[in-house]
Amino acid sequence: MMKKIETVKISGSNYAKVSARLVEFRKENPRAKITTRPEPQPDGGMIFYAEIVKDSSKKSAEATGTAYYPASKMKSEKAFEKLETISVGRALSLLGYLNNGEIASSEEMEEFEDFKKQKVADKSKELINKLKSSKNLKELQDNFVKGVNKFKGNNEVIAELIQIKDELKGQLK
């Protein structure tokens with residue numbers, strides 16, 4: 001049963017929020033039971049398990065979902081709640097409550113987009129530090145040319161890097 005669920009657009013694709021999936025699931029399965037269980041990991045991370053039974057008179061789960069965060073991620077705001085939501089969303093997807101065949105929920109994709117943005121910011125900061133440590137114009141130019149290629153298509157970052165390079169150029173003359 002592939003249900004079309006209300007979606008939001010993230011990076012050009014449609015993703016359903018777990019809350020929208022739950023609404024549809026509860027409408028169609030009023031006797032359903034959803035249980036979740038956190039399991040702390042030895043590394044300080046956390047795994048969340050979700051089990052869904054469409055009819056609570058049945059004993060075994062009809063779908064399960066898991067989600068994991070490493071210890072570093074567990075320190076972020078609302079990490080526990082997000083992890084639980086992701087595990088429930090994965091279980092719902094396996095029951096057919098998804099959008100356009102995608103298992104990932106909007107919550108997962110938003111988190112992935114944030115992760116990608118952070119990686120770009122980290123690489124940009126690394127290149128800026130390298131540019132600032134250039135000892136002469138030739139080294140500045142070499143560092144810029146080698147580093148700027150990592151940001152193809154990201155005009156905002158490239159414009160910032162050009163501005164910083166030009167400012168440093170004036171200082172190294």
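The values are calculated or read from the model by the stated rules, or taken from the named source; none is laboratory data. Keep in mind the model is a prediction, meaning the values are calculated, not measured. A quick note on method: Cβ atoms are made from the backbone with ideal geometry, for glycine too, and the neighbour counts reach across all protein chains shown. Side chains are part of the model used for accessible areas, which takes the heavy atoms of the whole protein and leaves out ligands, DNA and RNA. Shrake-Rupley method; radii C 1.70, N 1.55, O 1.52, S 1.80 Å.
Couple of notes before you dig in:
- Working from Cα pairs under 8 Å separated by at least six residues, relative contact order for the chain is 21 percent.
- Full-stretch length increase - residue 80, residue 94 - with 0.36 nm per residue and alpha-carbon distance subtracted: 2.9 nm
- The chain, helix-only ellipticity at 222 nm - DSSP H runs n ≥ 4, -39,500 (n - 2.57), divided by all residues, nearest 500: -16500 deg cm²/dmol
- Entries in 33/119; 17/125; 9/82; 78/116; 82/152; 9/73 that, when Cα-Cα distance is taken, lie over 28 Å: 33/119; 17/125; 82/152
- Sites residue 114 and residue 166, calculated FRET efficiency, Cβ-Cβ separation with R0 30 Å, nearest 0.05: 0.50
- Taking amide hydrogens as placed 1.01 Å from N in the peptide plane, the amide H of residue 17 sits under 5 Å from those of 8, 106, each at least 5 positions away in sequence or on another chain.
- Cβ-placed point charges (K, R +1; D, E -1), dipole of the chain about Cα centre in debye, nearest 20: 280
- Accessible area (Å², per residue) of segment 60-173, counting only protein heavy atoms and a probe of 1.4 Å: 62
- Efficiency of FRET between residue 159 and residue 125 - r from beta-carbon atoms, R0 22 angstrom, step 0.05: 0.90
- Under a 5 Å amide H cut-off, with hydrogens placed 1.01 Å from N, residue 98 pairs with 3 among residues at least 5 apart or on other chains.
- Once the Cα-Cα distance is subtracted from the 0.36 nm per residue extended length, the residue 133 to residue 72 segment shows a gain of 19.0 nm.
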